[in-house]
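The values are calculated or read from the model by the stated rules, or taken from the named source; none is laboratory data. Because the structure is a prediction, the values reported are computed rather than measured. With ideal geometry, Cβ positions are generated from the backbone for all residues, glycine too; neighbour counts draw on all protein chains shown.
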Amino acid sequence: MSVTIVVGLQWGDEGKGKIVDLLAQSADVVVRFNGGNNAGHTVINEFGKFALHLIPAGIFNPETHCLIERGVVIHLPSLLKEMDEIESRGCSLEKLKISPFAHLVMPWHIAEDAARDKGGKIGTTLRGIGPCYKDKAGRWQAFRVGDLLLHRDEFIAKFMTIYAEKQRELTATKQDHLLPDPSATLTEFLDARQRILLYIDQTGKIIQRALANKQEILLEGAQGTLLDVDYGTYPYVTSSNTTSLAACMLSNIPPREVSRIIGVTKAYTTRVGAGPFPTYITNKEEEENLRILGNEFGATTGRPRQCGWLDLPLLEYACRINNVTEIALTKIDVLGALPEVRLCADYESESAEYPLGEGEMWYIEKQKPTFETYPGWGAIKECRFRSDLPKNALRYVQDIERLLGTPIRYISTGAERKEIITL
Ligand code: IMP
């Protein structure tokens with residue numbers, strides 16, 4: 001038996017979808033434990049290319065139970081759209097199950113997100129994620145998946161009551177125009193409710209049974225460590241916990257059952273939304289070139305991602321917070337097309353004025369990176385063994401491993417499932 005956790009080590013978009021898709025081939029259960037449809041996990045396999053937002057990337061293995069656990073926030077219309085897309089391309093949804101304790105992203109959450117993040121102060125995905133988690137913690141105005149099991153009239157009454165409260169709140173700030181018409185929205189929800197009832201199940205029992213039967217369980221994180229609401233670059237974070245610590249808590253898995261914690265990182269860094277980014281490439285042309293080479297545009301929003309070099313001090317922090325046992329390094333093939341590659345191994349010594357404070361997230365915006373430069377290494381998409389890698393690429397990989405003190409177990413050399421070096 002083993003429990004494996006896959007988490008992002010940066011600001012999301014590290015390529016977790018590909019790694020989960022790969023590992024799910026031998027997993028009995030895959031659990032998505034946090035976030036909502038702000039995430040976009042790209043998977044390319046024998047069924048085609050998918051951008052998954054809510055459905056666990058294990059869905060392509062018909063033997064695997066795919067669970068959406070209680071830490072996830074679900075926008076029902078988006079989930080249904082995703083389910084339709086997957087089914088229409090020949091995959092079964094039979095083993096998809098949703099926890100009744102997961103929360104629902106309601107139309108007013110999306111309106112509140114738009115009202116709050118006007119001007120992109122945080123640069124949210126505008127999917128209503130923050131307002132939904134706020135209501136979850138607030139308790140009075142929250143909807144859980146289990147509420148869909150209420151009698152239809154009871155559901156309608158609760159919906160209309162909260163709609164009216166939210167409308168009053170939004171009217172007070174002259175933002176009520178952002179709220180969609182109640183009857184159309186309600187109809188949409190009632191239709192969705194009808195379809196989703198079949199998938200609501202006691203996911204906790206499935207997990208406990210898998211643990212008891214010593215089966216393979218894979219916990220799939222969304223976003224990345226630096227977006228964690230408690231351990232990330234607050235306030236420029238998402239509203240959920242994204243780390244391995246959260247994976248156990250939100251899946252009701254005892255930490256002692258976990259044998260592998262795989263941290264996924266790109267071979268460079270990207271970020272969408274606002275917030276500090278020490279290794280951002282300030283030369284516009286150079287940054288744009290990397291964005292285009294890496295196709296760094298959001299899988300969820302299509303927004304261009306800001307690009308920078310790999311930041312080892314931040315990566316070291318993320319490895320420590322997650323207690324990472326091994327690393328999956330993705331998109332190293334993208335860097336191969338550059339004449340030279342930089343790597344931030346440390347921050348400048350004068351940044352000692354702004355110490356990282358016992359390895360905490362202090363003063364990130366004040367840090368000045370120092371860079372090592374590597375000559376480019378050319379095309380590596382065809383490499384299947386470490387020994388196939390050109391010497392400059394190998395040096396880059398080995399330096400990362402040495403400086404982080406953590407083995408790199410997977411090196412992804414392209415978007416497709418087969419384009420990977422496994423150690
Ligand atoms: P929210 O999660 O939509 O509230 O957005 C908060 C911050 O997290 C913004 O900077 C978003 O761009 C970022 N974010 C949320 N989800 C993802 C993701 O899956 N990948 C990358 N950034 C994300």
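Condition check for Ala247 on (1) out of contact with any helix residue (DSSP H, G or I) (no Cβ under 7 Å at 6 or more places or on another chain); (2) more than 24 Å from Leu314 (Cβ to Cβ); (3) surrounded by 24 or more Cβ atoms within 10 Å (Cβ to Cβ): one failure, at (2). Listed by position, the strands (runs of 3 or more DSSP E) enclosed by the stretch 1-45 that each have at least 2 residues that are of a type outside the set (A, V, I, L, M) are 2-8, 41-45. Taken as a whole, the condition of being within 16 Å of the ligand (Cβ to nearest atom), hydrophobic (A, V, I, L, M, F, W, C) and under 20 Å from Val20 (Cβ atoms) does not apply to Ala210.
Of the residues making up the stretch 98-157, those that are charged (D, E, K, R), closer than 24 Å to Asp181 by Cβ and either part of a helix (DSSP H, G or I) or within 11 Å of the ligand (Cβ to nearest atom) (or both) are Glu112, Asp113, Arg116, Asp117, Arg127, Lys134, Asp135, Asp147, Arg152, Asp153, Glu154. Looking at the stretch 76-90, can you tell me whether even one residue there is of a type outside the set (S, T, N, Q) and within 18 Å of the chain's Cα centre (by Cα)? Yes - at least one qualifying residue is present in the stretch 76-90. Note on the stretch 46-56: residues that are in a strand (DSSP E or B) and within 14 Å of the ligand (Cβ to nearest atom) amount to 2. Count of the stretch 355-409 residues, restricted to those that are surrounded by 14 or more Cβ atoms within 10 Å (Cβ to Cβ) and small (Gly, Ala, Ser), is 2.
In the stretch 84-97, the residue that is farthest from the ligand (Cβ to nearest atom) out of those that are in contact with a strand residue (DSSP E or B) (Cβ under 7 Å, 6 or more places away or on another chain) and part of a loop (DSSP other than H, G, I, E, B) is Lys95. Scanning the stretch 380-402 for residues that are assigned to a helix (DSSP H, G or I) and of a type in the set (Val, Ile, Thr) gives Val397, Ile400. Inside the stretch 168-186, residues that are crowded, with 16+ Cβ neighbours inside 10 Å and among the polar types (S, T, N, Q) make up a count of 2.
Under the condition of being touching a residue at least 60 places away in the same chain (Cβ under 8 Å), of a type in the set (Phe, Trp, Tyr) and under 20 Å from Thr171 (Cβ atoms), the residues counted in the stretch 115-157 number 0.
Looking across the stretch 65-117, the residues that are crowded, with 18+ Cβ neighbours inside 10 Å, farther than 17 Å from Leu148 by Cβ and touching a Pro at 6+ places or on another chain (Cβ under 6 Å) come down to Cys66, Glu112, Asp113. Given the conditions (1) under 19 Å from Gly35 (Cβ atoms); (2) at pLDDT below 95, report the number of the one that Arg144 does not fulfil. Every listed condition holds for Arg144 apart from (2). For first residues located in the stretch 282-296 and aliphatic (A, V, I, L, M), partners that are at pLDDT 95 or above and lie 6+ apart or on another chain with Cβ distances below 7 Å form the pairs Leu290/Tyr268; Leu290/Ile281; Leu290/Cys307; Leu293/Val334. Can you find even one residue in the stretch 9-17 that is under 16 Å from the mean Cα position of the chain (by Cα) and either more than 15 Å from the ligand (Cβ to nearest atom) or over 30 Å from Arg409 (Cα atoms) (or both)? No, there is no match, as no residue in the stretch 9-17 is under 16 Å from the mean Cα position of the chain (by Cα) and either more than 15 Å from the ligand (Cβ to nearest atom) or over 30 Å from Arg409 (Cα atoms) (or both). Applying the criterion of at least 3 residues that are more than 17 Å from Tyr374 (Cβ to Cβ) to the strands (runs of 3 or more DSSP E) found wholly in the stretch 273-347 leaves 326-330. In the condition set (1) modelled with pLDDT of 95 or more; (2) out of contact with any helix residue (DSSP H, G or I) (no Cβ under 7 Å at 6 or more places or on another chain), Gly273 is compliant with all but (1). Of all residues in the stretch 224-240, those that are more than 9 Å from the ligand (Cβ to nearest atom) and buried (at least 23 other Cβ atoms within 10 Å of the Cβ) total 3.
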